[in-house]
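One structure is given here, and the rest of the page talks about it.
Only the coordinates and a few stated rules stand behind these numbers; no lab work does. All values derive from a computational prediction rather than experimental measurement. FYI the Cβ positions are ideal-geometry reconstructions off the backbone, even for glycines, and counts take in every protein chain you see.
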Amino acid sequence: MQHLAGRVRFLTTVELRTTAMAVGGEAVAREAGGRVVFVSGALPDELVEVELSDEKATFARGSVISVLEASPGRVAPPCPHLAEGCGGCDWQHATEELQRSLRRTTVVEVLERSAKITDPEVRSGPDLRAEGLRTTVRGVAGPDGRFGFHRRRSHDIVVVERCLIAHPLVDEIIATSSFPPGSTVTIRVGARTGERMVVVAPRASGTRVPDGVQVVGADELRRGHRAWIHEEVAGRTWRISAGSFFQASPEGAEALIDAASAFVADHAPNAERLVDLFCGVGLFAGALGARRSVIGVERSASAVADARHNLADLDARLVKVALGRWRASPADVVVADPARNGLGVEGVAAVKATGADVCVLVSCDPAALGRDAGLIEAAGYRHVGSTVVDLFGHASHIEVVSGFTKVAGTGTPTM
């Protein structure tokens, strides 16, 4: 039951058979009357007892309270904090093998359903371990100043002693540090350099961390203070500022680079001009830009400053501009790594305006991928494959690298 504004609300409990996984990581079931129910904590083809917490006319949401018939891929969650309500890892109850299979199946389904691509070629990338890999975590300080995560679909805090998925350099900070109660805490480390940084919002006063950890407050960053760490990926050293995005682990970054490189090698081996849209600190431009001229497009001032530093040895030009205001340059290959909401109409128009023969799209949301793939095909390209990279073990988050080639006869825009 739930207590709401002094009233007690009794929640409905139902027995359901799940059939599939939805985008977002919940299992899908149907009640006898046909209403769809999204069930957290369940896997496909399970008989579960579910407590409904959010009921609408056409759908409902709920959580498993008991498993009556389990999937062969179900395991006991390895992290004790999950039972306490931590919402950080929603697929710990599935084997890592099943997690990889579910991610691939989800990508196939969105490409078929949303982009109308028949029998899309979707492969799984390298097996990246689920535990001890994450080099960036974001959480919140509890009332006693200890690090914690939010409960799933809640603002309540679950204080954690350690984090199963975090790199050991991150885990030590979680276990031994204290922060201003209620503050937002971002921990970022260079796994291969050993450098560590903590960003505390709104301010860092009162923070205690292990020796050698750089601490910076969000208020300091707003006043122009600069702080960064370095990471080593793909044979290069990358400067990553406190306000810049970087992939969740060096192993994951290299897997994404390898997948993108494979599409370029297969479909544009002689490409001389590369455009990197949403280039961030220059990861793909730096990894793919040797012996090519490169243009990187990015709106974040912090990321552009890092990219200029990171790409100083290459034939690279950085353009700090919002994508909608960028005047497209001719390219042979476009690599685009947008935020979670994807390319959209504006981003696909920018890809088309370059006249590139190959587009490599890095997506971190399957729904956005499905929409973007359909838009890219409508712009005169053909999907030639996707590689699913397991950047976020034990979580339903899905990262995909997809390749598209221009259909013959579609022409190149006049620049």
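Annotation: the antiparallel percentage among DSSP beta bridges lying fully within the chain is about 65. Going 7 Å from the Cα of residue 154 toward and past its Cβ, which residues in the stretch 34-68 have a backbone nitrogen under 20 Å from where you end up? The answer is 38-42, 49-55, 61-67, whose backbone nitrogens lie closer than 20 Å to the label point.
Using the average count of surrounding beta-carbon atoms within 10 Å as a protection proxy, the listed peptides 368-375, 350-357, 157-164, 325-332 rank, highest first, as 368-375, 350-357, 157-164, 325-332.
Report the net charge of residues surrounding residue 333, where surrounding means a beta-carbon distance below 12 angstrom and charges are Lys +1, Arg +1, Asp -1, Glu -1. Working shown, then result.
On the way: positive: 273, 292, 406; negative: 266, 272, 276, 332, 357.
Combined, the nearby Lys, Arg, Asp and Glu give -2.
Considering the options 59, 25, 72, tell which one lies farthest towards the positive end of the dipole of the stretch 2-74, charges being +1 on Lys and Arg and -1 on Asp and Glu at the Cβ, about the Cα centre. After comparing all options, I get 59. The charge dipole of the chain, taken about the Cα centre with unit charges on the Cβ atoms of Lys, Arg (+1) and Asp, Glu (-1), comes to about 1380 debye, rounded to the nearest 20.
If we count every other residue with Cβ under 15 angstrom of residue 304's Cβ, Lys/Arg +1 and Asp/Glu -1, where does the sum land? With Lys, Arg at +1 and Asp, Glu at -1, the net is +3. Each of 89, 101, 117 was placed along the dipole of the stretch 89-134 (beta-carbon charges, centred on the mean Cα), and the one lying farthest toward the positive end is 117. Using the Cβ-Cβ distance between residue 12 and residue 341 with R0 set to 25 Å, the FRET efficiency from 1/(1 + (r/R0)^6) comes to roughly 0.15.
Put a dot 7 Å past the Cα of residue 67, heading toward its Cβ, do the same for residue 312, and the two dots end up 5.3 nm apart.
Ignoring lysines fewer than eight residues from residue 352 along the same chain, the ones with Cα atoms less than 30 angstrom from its Cα are 116, 320, 406. In plain terms, the chain from residue 74 to residue 127 could stretch by 17.2 nm, reckoned as 0.36 nm per residue minus the Cα-Cα distance.
Suppose every K and R has +1 on its Cβ and every D and E has -1 on its Cβ; what is the size of the dipole of the stretch 286-415 about the Cα centre, in Debye to the nearest 20? Could you put the intermediate results ahead of the total?
On the way: 13 positive and 13 negative charges, 89 e Å.
That gives a dipole near 420 debye.
Full extension of the segment from residue 53 to residue 262, taken as 0.36 nm per residue of separation minus the current Cα-Cα distance, would add 70.7 nm.
Length gained on full extension, residue 382 to residue 119, computed as 0.36 nm times the residue gap minus the Cα-Cα distance: 93.4 nm. On the beta carbon distance between residue 290 and residue 84, with R0 = 30 Å, the FRET formula returns roughly 0.05.
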